[in-house]
Structure formats: structure tokens, C-alpha cells
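Values quoted throughout were computed directly from the atomic coordinates according to the rules given, and no laboratory measurement underlies them. Worth saying up front: this structure is predicted, and the values here are computed from it rather than measured. Glycine also receives a Cβ, built like all others from the backbone with ideal geometry; neighbour counts cover every protein chain displayed.
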Amino acid sequence: MDALLRLVLAYARTEVAVGDGVTPFGASMAVDGELETASGADPDEVRGIFRTRAERDELVAVAVCTGVVLGEPAFTDAIRVEIEHRDDEPITFVLPYRVDEGRERPEWGELTAGPGERRTWT
């Protein structure tokens, strides 16, 4: 799960830094440890790609990453990463950020974790 988190956060942070925002994408870990990425029009499409492989028992973990609006004064936007492992509880991570005009790079808040929702393995 750590490998998936590192992979998707690195990519999402790059998307934010170049000004594209975060488009829905994700990554999966196969039984043999191989990582694979996927993207879609929305998070449900990305989950659907992984769900098909999970049902065939090819995957052990998946991560789906999206951009979300927090609406807080300090950090209005965030990267959300939902990670599921077939044999463990799901976890949702949130990394707040803001992009102020005149700054070269985004300012990042603190990465937090909380309970997730099981969507791939039901």
C-alpha cells in the first residue's frame, strides 16, 4: 500500500505543480508486485477497470486518486487517495494544497489518513 501511495501522490503533486489540477487516475498492484496505472473520465471508471481485474483475483491492492475541494480558508483544494487492499481495511489519504498567484510552486498541507470505503473488493 505504501508503494501505491508514493506512486500516485508523486504523479498528482506533479499535476498540481504544472497547473493541470488532478484528473482521476489510479494504480494497482498485481499479485506478483507489478504496479500498473489507469485513468478515466471519473473515479468510478477508474475503479471499474480495477474491479474487473480484482474479480479475477489478479490484484492485491488498488489506489484511486482525485482532486477535491476542501473549502477551508488555508487550503481550498486537496489530493485524495483512496487505497484498498484485498486483505486489509481501506484507507483514505488527503493532502491539502493551495496555489497562490505569484508563487512558483504549490504550498502543501499535512497528509492525513482516515478510514476508507471498500469499493473494489465487496
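Computed as a quarter of the hull surface, the mean projected area of the alpha carbon convex hull for the chain stands at 7.4 nm². If I model a spin label at GLU45 and GLU107 as a point 7 Å from the Cα along the Cα→Cβ vector, what separation in nanometres do I get? Modelled inter-label distance: 3.4 nm.
Across region 2-115, the mean sequence separation of Cα contacts (distance under 8 Å, 6 or more residues apart), normalised by length, yields a relative contact order of 20 percent. Hey, what angle do you get for helix 2-17 against the long axis of the chain, alpha-carbon based, 0 to 90 degrees rounded to 10? Once rounded, the angle reads 30 degrees.
In the chain, the longest principal axis of the Cα atoms and the axis of helix 43-55 are about 20 degrees apart.
Shape analysis of region 1-58 places it in the oblate category; the axes a ≥ b ≥ c from the Cα gyration tensor give an a/c of at least 1.5, with a/b not above b/c. With the simple model of a label 7 Å out from the Cα in the direction of the Cβ, THR37 to GLU89 spans 3.1 nm. Annotation for region 28-79: trypsin sites (Lys or Arg not before Pro) lying in DSSP loop with at most 10 further Cβ atoms inside 10 Å of their Cβ are ARG56.
Charge tally around LEU70: other residues with Cβ under 10 Å, Lys/Arg +1 each, Asp/Glu -1 each, net 0. Summing +1 for each Lys or Arg and -1 for each Asp or Glu among the other residues whose beta-carbon sits under 15 angstrom from that of GLU101 gives -1.
Within the listed set GLY19, GLY67, GLY102, the residue fluctuating most in the Gaussian network model of the chain (springs between alpha-carbon atoms under 10 angstrom) is GLY102.
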